[in-house]
Amino acid sequence: MRYLVPYWQDLIGIVFLCAGFVKLFERRNFEGILRGYRLLPGSLVVVFSWILPIVELLSGTWLFSGASLLYSSILAATLSLVFAIAVTINLIRGNRNIKCGCFGSSEDHQIGWNVVARNASITLITVMLGLRDMHGHYEPIHAAPERILVFFFAAATIGIWSFWNVIRKLRETSVTNSLTTLSGKLDTRVGAL
């Protein structure tokens with residue numbers, strides 16, 4: 001377990017970095033997803049659509065840095081627990097037709113008990129990381145070459161994923177515009193008949 005701690009820490013840090021980056025990149029769409037959960041008053045949805053991705057980015061960076069694992073674990077566990085509770089409330093309400101929003105609006109993944117289980121697992125792992133740090137069982141590995149490679153791999157993955165989403169959205173917009181133009185031409189020709 002001792003040698004797995006930095007890797008769990010890095011993995012969860014990368015998850016929060018990716019999630020925060022994507023939500024910030026697609027903030028308007030993420031705002032719509034937050035509205036779908038129907039847990040916040042309308043005026044707070046806009047505020048949370050800004051704050052939540054920034055807190056996720058901070059949590060991911062803090063976990064990944066290895067500084068004060070106890071406090072970074074508390075922040076990550078709190079975020080994961082809040083996400084699990086938000087999904088659970090909507091599942092109990094029978095409101096299952098909501099996009100998860102975990103990794104932005106381009107994800108077509110609907111909420112379900114698997115999302116609750118994933119967030120509960122992240123909560124449990126981060127609590128365990130924090131407890132290890134609190135009891136002095138954690139030995140931070142700062143600037144280890146593997147961690148630097150993991151960070152650059154994560155950054156490259158985020159960059160490629162973001163580029164792919166931009167290309168995909170441009171294609172969708174182009175196809176939609178082409179279909180609208182074609183539909184308008186067909187309407188004109190049918191109207192002329």
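The values are calculated or read from the model by the stated rules, or taken from the named source; none is laboratory data. Every value quoted in this text rests on a predicted model; they were computed, and no experiment measured them. Heads up, the Cβs are rebuilt from the backbone with ideal geometry, glycines too, and the neighbour counts pull from every protein chain shown. What goes into the accessible areas is simple: the full protein's heavy atoms, side chains included, and nothing from ligands, DNA or RNA. Shrake-Rupley method; radii C 1.70, N 1.55, O 1.52, S 1.80 Å.
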Worksheet entry | Long-range neighbours under 7 Å by Cβ, at least six apart or interchain, first residue touching a residue at least 60 places away in the same chain (Cβ under 8 Å) within the stretch 32-51, second open to solvent by 30 Å² or more (accessible area, probe 1.4 Å) and of a type in the set (A, V, I, L, M) | 34/40
Practice prompt. Select the helices (runs of 4 or more DSSP H) contained entirely in the stretch 1-105, then report the ones holding at least 1 residues which are among the charged types (D, E, K, R) and crowded, with 21+ Cβ neighbours inside 10 Å.
Written response: 5-25, 42-65
Worksheet item: If residue 94 passes every condition in (1) modelled with pLDDT of 85 or more; (2) touching a helix residue (DSSP H, G or I) at 6+ places or on another chain (Cβ under 9 Å) but one, which one does it miss?
Response: (2)
Worksheet item: Restricting to the stretch 1-13, what's the tally of residues that are under 24 Å from residue 99 (Cβ atoms) and modelled with pLDDT under 85?
Response: 1
Practice prompt. Any chance you could count how many residues in the stretch 19-67 are of a type in the set (D, E, K, R) and more than 15 Å from residue 103 (Cα to Cα)?
Written response: 2
